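Undergrad: Mind having a look at this structure? Questions to follow.
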Amino acid sequence: MKGLVAVAITAVAAGYGLHALAQGRFDVRPALAPIGTSSSNGLSFAWFYDPTDRAVYVCRSGGDTLECKAKAQLP
């Protein structure tokens, strides 16, 4: 009887250990995907798509400065 209880407790503990080990997941976010670029009169624009937020970002570069403030949510 004691042997059966010990085997049952060992099996439950091993099952719980495998379950706890299988719960670990890496949080990997996809990078922003470039959509396109354009330039005119020394200003450059680039569009990026963020699949996590379903948003499009517009970045403007003029000389040494870079601004990525514009953002639009997609439906």
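The values are calculated or read from the model by the stated rules, or taken from the named source; none is laboratory data. All of these numbers come straight from a predicted model, not from anything done at the bench. Ideal geometry is used to build each Cβ from the backbone, glycine not excepted, and the neighbour counts take in all protein chains shown.
Undergrad: Restricting attention to the stretch 1-44, report how many residues are part of a strand (DSSP E or B), surrounded by 10 or more Cβ atoms within 10 Å (Cβ to Cβ) and small (Gly, Ala, Ser).
TA: Going through the stretch 1-44 one residue at a time, the tally reaches 3.
Undergrad: Among all residue pairs at least 6 apart or on different chains, which show Cβ distances below 7 Å where the first residue, located in the stretch 2-30, is under 30 Å from PRO51 (Cα atoms) and the second is modelled with pLDDT of 80 or more?
TA: Taking only residues 6 or more apart or on different chains, the pairs are ARG29/THR52; PRO30/PRO51; PRO30/THR52.
Undergrad: Can you find, within the stretch 31-43, the residue that is nearest to SER61 (Cα to Cα) among those that are in contact (Cβ under 8 Å) with a residue 12 or more places away in the chain and over 22 Å from the mean Cα position of the chain (by Cα)?
TA: Step by step, filter the stretch 31-43, then rank; the result is LEU43.
Undergrad: Does at least one position in the stretch 1-17 carry a residue that is hydroxyl-bearing (Ser, Thr, Tyr), at pLDDT 85 or above and touching a strand residue (DSSP E or B) at 6+ places or on another chain (Cβ under 8 Å)?
TA: Checked the stretch 1-17: no residue is hydroxyl-bearing (Ser, Thr, Tyr), at pLDDT 85 or above and touching a strand residue (DSSP E or B) at 6+ places or on another chain (Cβ under 8 Å).
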